[in-house]
Number of protein chains: 2
Amino acid sequence: MSPTDQIAQNLKEAGLKATQQRIVILSTLYEHLDHPSSEEVYKHVKKVNPSISLGTVYKTLESLVNAGLIHKVATSDGLMRYDGETAAHSHIYITKTNEIIDFKDDSLNELINRYMDDKEIRNLKVRKISLRIEAEKIDPKRKIHIK
Amino acid sequence: MSPTDQIAQNLKEAGLKATQQRIVILSTLYEHLDHPSSEEVYKHVKKVNPSISLGTVYKTLESLVNAGLIHKVATSDGLMRYDGETAAHSHIYITKTNEIIDFKDDSLNELINRYMDDKEIRNLKVRKISLRIEAEKIDPKRKIHIK
DNA sequence: CTTACTGCAAAATTTTTGCAACTTT
DNA sequence: AAAGTTGCAAAAATTTTGCAGTAAG
């Protein structure tokens, strides 16, 4: 199955019509895992489909979030950003550069979830736990590397 | 020292002039720890000072955040919310009701920080770690109680 | 052929900005 | 008095909405 067909199937399984626009937007998010904003998604998508409208991008992103196919990430600069990775993971926020970097650590995840299971929080069902890590780069020119 | 004088002193120590507007806004945030939005802060503050302008509320919240006297919390509904509690703590997000509840657990904090200290992340200085807990209420009418 | 989706433009919402008048130090 | 802050209104930025036309199942 081609990547496009796979994406079309993901959409259908989520109960959404596999339109050309949705396929392009979802594939853009699978390709760019740097948490693009709506406007950035629009720019990327326009290269493939120049006639797509910004309104469609907004509506589609909202649909994909509601269907659970992507995640929405709120940032302190007031922009929403979108994440094609839906498996459990955390985010490292580099304030100065507006970078959001994925951080995935299964054993830490398990450690926290085990701790929280023992913790009784009355009248609350915990759905998801992730870390919010604020950090800054030591050398701004170099990339981040997580062991 | 009166609470107002204490707040004025906090402002001055942070290098900000202790204007009547800032004192009222900061005291509102100390009083309302439910993470009010800019508009909610404005509404609260107007009761005390009906002539304050919304623009001043925005500018002041920004100044207070920059000075480290309060924190900004980004939400997925696109509103910024503000937090008068600056000690390390986590947030529980109740999506359906838009509630944000503080969650403070020193031993969990220590557990995570000890784990992360051992974890080598090249070219990154970690500044702050907190949990992002998504949850929902079991009985919507009852309050949350954290043991 | 029915239902859902797109494109467009207009509107709504939230936040920022510029500047004269005013307070704080 | 100097420096910084406020209030106002206008502008910017982001997101949502309505609806006629179009595409998908």
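Would you pull out the residues with amide H under 5 Å of A:PHE103's amide H, same chain only if 5 or more places away, H placed 1.01 Å from N?
Under 5 Å from the amide H of A:PHE103 lie the amide H atoms of A:SER90, A:HIS91, A:ILE92, each far enough along the sequence or on another chain.
For chain A, what does the helix formula give at 222 nm: sum of -39500 (n - 2.57) over DSSP H segments with n ≥ 4, over the residue count, nearest 500 deg cm²/dmol?
Using -39500 (n - 2.57) per qualifying helix, the result is -12500 deg cm²/dmol.
If we count other beta carbons within 10 Å of each Cβ, what is the order of A:LYS128, B:LYS96, fewest first?
B:LYS96, A:LYS128
What is the sum of charges around B:GLU40, taking Lys and Arg as +1, Asp and Glu as -1, for the other residues whose C-beta is under 9 Å from the C-beta of B:GLU40?
Numbers: positive: B:LYS43, B:ARG81; negative: B:ASP34, B:GLU39.
So the surrounding residues net to 0.
Could you list A:ARG22, B:ARG132, A:ARG114 in order of exposure, starting from the residue whose Cβ has the fewest other Cβ atoms within 10 Å?
Numbers: A:ARG22 24, B:ARG132 15, A:ARG114 9.
Fewest-to-most Cβ neighbours within 10 Å comes out as A:ARG114, B:ARG132, A:ARG22.
Quick one: helix A:20-31 against the long Cα principal axis of chain A, what's the angle to the nearest 10°, folded into 0 to 90?
Tilt relative to chain A: about 40 degrees.
Rounded, prolate or oblate: which one fits segment A:8-147, using the alpha carbon gyration tensor with axes a ≥ b ≥ c (rounded when a/c is under 1.5, else prolate when a/b beats b/c, else oblate)?
Numbers: a/c = 2.25, a/b = 1.34, b/c = 1.68.
Here segment A:8-147 falls in the oblate category.
I want the local charge near A:ILE112. Using Cβ-Cβ distances under 12 Å, sum +1 for each Lys or Arg and -1 for each Asp or Glu among the other residues.
Overall, the nearby charge balance is -2.
Note down the magnitude of the dipole of segment A:9-147 about its Cα centre, charges +1 on Lys and Arg C-beta and -1 on Asp and Glu C-beta and zero elsewhere, to the nearest 20 debye.
Roughly 320 debye, rounded to the nearest 20.
Could you line up A:ASP5, A:ASP102 from fewest to most neighbouring Cβ atoms inside 10 Å?
A:ASP5, A:ASP102
Figure the gain on full extension for B:LYS59 and B:LYS12 (residue separation times 0.36 nm, minus the Cα-Cα span) and round it to one decimal in nm.
Numbers: separation 47, 0.36 × 47 = 16.92 nm, distance 1.69 nm.
Extra length available between B:LYS59 and B:LYS12 comes to 15.2 nm.
Distance from the Cα centre of segment B:84-115 to that of segment B:42-82, in angstrom?
Here the answer is 21 Å between Cα centres.
Using the structure shown, list the pairs from B:LYS104/B:LYS125; B:LYS96/B:LYS125; A:LYS17/B:LYS141; A:LYS128/B:LYS17 with a Cα-Cα distance above 31 Å, or answer none.
Checking Cα-Cα distances, B:LYS96/B:LYS125; A:LYS17/B:LYS141; A:LYS128/B:LYS17 exceed 31 Å.
Using the Karplus equation 6.51 cos²θ - 1.76 cosθ + 1.60 (θ = phi - 60°), what ³J(HN,Hα) coupling, rounded to whole Hz, does each residue of segment A:38-44 give in order, writing x for Gly and Pro?
3J(HN,Hα) across segment A:38-44, in whole Hz: 4, 4, 5, 4, 4, 4, 4.
What is the Cα convex hull volume of the protein assembly as shown when expressed per residue in Å³?
Normalising the Cα hull of the protein assembly as shown by residue number yields 186 Å³.
In a Gaussian network model over chain B where Cα atoms closer than 10 Å are linked, find which of B:HIS89, B:HIS35, B:HIS71 has the largest mean-square fluctuation.
It is B:HIS89.
Most fluctuating residue of A:ASN66, A:ASN98, A:ASN123 in a GNM of chain A with Cα springs under 10 Å: which is it?
A:ASN123
Short version: ³J(HN,Hα) in whole Hz for each residue of segment A:3-17, in order, from phi by Karplus 6.51 cos²θ - 1.76 cosθ + 1.60 (θ = phi - 60°), x for Gly and Pro, what are they?
Coupling constants for segment A:3-17: x, 5, 5, 4, 5, 4, 5, 4, 4, 4, 4, 8, x, 10, 5 Hz.
Calculate how steeply helix B:54-66 sits against the longest principal axis of the alpha-carbon atoms of chain B, using the helix alpha-carbon long axis, and give the answer as 0 to 90 degrees to the nearest 10.
With rounding to tens, the tilt is 50 degrees.
Helix B:106-118 versus the longest principal axis of chain B: what is the Cα-based angle in degrees, 0 to 90, to the nearest 10?
60
What is the antiparallel percent of DSSP beta bridges lying wholly in segment B:59-147, to the nearest 5?
70
What residue among B:THR28, B:THR56, B:THR19 shows peak mean-square fluctuation when chain B is described by a Gaussian network model with Cα springs under 10 Å?
Ranking B:THR28, B:THR56, B:THR19 by mean-square fluctuation puts B:THR19 first.
Apply the Karplus parameterisation 6.51 cos²θ - 1.76 cosθ + 1.60, with θ equal to phi minus 60°, to every residue of segment B:84-91 and state each ³J(HN,Hα) to the nearest whole Hz, in sequence, with x for glycine and proline.
Result, rounded to whole Hz: x, 8, 9, 5, 4, 7, 10, 10.
Readers should treat all values here as calculations from the given coordinates under stated rules, not as data from a laboratory. Since this is a predicted model, take the numbers as computed values, not measurements. Because the Cβ atoms are built from the backbone with ideal geometry, glycine has one as well, and the counts that use them run over all protein chains shown.
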